[in-house]
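Here is the structure we will look at.
Each reported figure results from applying straightforward, stated rules to the coordinates on display, with no laboratory input. Here the structure is a predicted model, which means the values were calculated and not measured. Ideal geometry is used to build each Cβ from the backbone, glycine not excepted, and the neighbour counts take in all protein chains shown.
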Amino acid sequence: MAVRGEGMHLYDAEGKEYLDMSGGAAVSCLGHGHPDVVRAVQDQAGKLAFAHTAFFTNEPQEELADSLARRFEEDGARVWFTSGGSESNETALKIAWQYWRARGQSEKTIIISRQFSYHGGTLGATSISGSVFRRAPYERVLHDWPRISPCYSWRHQYDDETERQYGHRVAAELDEAIRLAGAENVAAFIAEPVVGATLGVVPPVPGYFEEIRRICDEHHVLFIADEVMCGSGRCGTFYAHDQENVVPDLVTIAKGLGGGYQPIGAIIARREICDAIAEDPGGFAHGHTYIGHAISCAAGVAIQKCLDDGLLGSVSEKGAMMRKILQERFGEHPAVGDIRGRGLFAGIEFVADRHTKAPFSLEERIPAKLKCAAMEQGLICYPGGGSVDGKLGAHLLLAPPFIAEEIHFTRLADKLGKMFASVFT
Ligand SMILES: Cc1ncc(COP(=O)(O)O)c(C=O)c1O
């Protein structure tokens, strides 16, 4: 039972302290109990909690939308709020479909995604997810649209190819998938710029997303960047795709947007897309009751201010420090295959054999053991599995609050050392 949160720590009902080095699931970007955000939420609750968007807009909604649009590379981007990541992706799909309908191409409905991906728990979002075990129970009611390989060089780059060659090889799968489905039937391609939970923080190789953008443009297919986990500053720039030299047509965010203080997500759309939909009779045929909720948006605005007050600028440097400490402590550990990441978003992949990169067997239940050992050590981190084939493969995801300092990375390494000693005996 969690009863209190303060800065980098959570406390349970017995008073045990947990160092939060994953912000739950990359949510708590400012840590816990941040006074500015708490005050903003309290003030807004006292002033105006809710006024339905069918009748009104509200100040925090407008301010947050302006801030998100300003951070987007292209002028005139439009913003739509939701209550979380799944709703954001679900909404992005509807925007894509209605865009093509408005352009007189209603048959463009297929959404291509990547294997081993996760885009959310609602039906549309699960349909575009490649995560094997998250799909399995619902497979009969899901769409089975094409899925291409992820860009995951540590496991899949050949010895005789460069990173760029590898990136082009896997991006070419998109070209092939679009041709097979028929470009006239494909609405969009969706991918996480930096893959989070399913592979354990995998940044793309240089040039991969530029090639993806080129292929999407060539075939008139929209590119949706799912930045629910990797966006909102987590990778060192507010939008993760900023580091890939591309402008997506739609970007979805959540998690760090509300930092755990409020449930909120958003879609940022290029102007041209919104203009086309506005001309479709009746406009955008979609909505949720809590769109642009005033308290949620007020929390978001307070977080944006903290990011602008220097926190966002510190993410890359702190992330490099964290990875250096992890590398020094565990770079040669017999069960550690790879330590990787971008900004304050890092992954450690575990292997049974460092030379062949062979994973541990499923029976060894490494992710479950890591989670137990972490809770025992008073550490919140995010272990996961499936990076090899959707089932095999074990990793640990780290996404500490941006207020973390060197001392927290050192404590993290101490706790991981004890965990690894108990799990990999
Ligand atoms: C990349 C990605 N997209 C979408 C989602 C779904 O977001 P939510 O759980 O807020 O609905 C998640 C959640 O972990 C995610 O990691």
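Of note:
- Helices in the chain that qualify as membrane-span-like (whole DSSP H runs, Cα extent of at least 20 Å along the helix axis, mean Kyte-Doolittle hydropathy of -1.0 or higher) are 85-102, 163-181, 312-330, 406-423.
- Anchor Lys255: lysines whose Cα lies under 22 Å away (excluding residues fewer than 8 positions away in-chain): Lys94, Lys305, Lys318, Lys371
- Of the GluC sites (Glu not before Pro) in region 121-198, the ones in a loop by DSSP (not H, G, I, E or B) with at most 13 other beta carbons within 10 Å are Glu161.
- Site pair Gln327 and Lys16 shows an inter-label distance of 3.4 nm when each label is modelled 7 Å from Cα along Cα→Cβ.
- For region 253-400, a simple Cβ point-charge model (Lys and Arg +1, Asp and Glu -1, everything else neutral) yields a dipole of about 360 debye relative to the Cα centre.
- Sites Arg214 and Asp308, calculated FRET efficiency, Cβ-Cβ separation with R0 30 Å, nearest 0.05: 0.35
- Separation in nanometres of the label points that stand 7 Å from Cα toward Cβ, at Ala136 and Lys94: 3.2 nm
- Extreme residue, positive dipole direction of region 330-417, given options Gly343, Pro359, Leu392 (C-beta unit charges): Leu392
- Once the C-beta distance of Ala45 and Met1 is scaled by a Förster radius of 25 Å, the resulting FRET efficiency is 0.50 to the nearest 0.05.
- The relative contact order of the chain, computed from alpha carbon pairs under 8 Å that lie at least 6 residues apart in sequence, is 23 percent.
- Whether the chain is rounded, prolate or oblate, judged on the alpha carbon gyration tensor where a/c under 1.5 counts as rounded: oblate
- Filtered chymotrypsin sites (Phe, Trp or Tyr not before Pro), region 1-97: DSSP coil and at most 14 other beta carbons within 10 Å: Phe55, Phe56
- DSSP-assigned coil residues among GluC sites (Glu not before Pro) in region 300-340, each with at most 14 further Cβ atoms within 10 Å: Glu332
- Positive-end residue of Tyr382, Ile325, Cys297, charge dipole of region 234-383 with Cβ unit charges: Ile325
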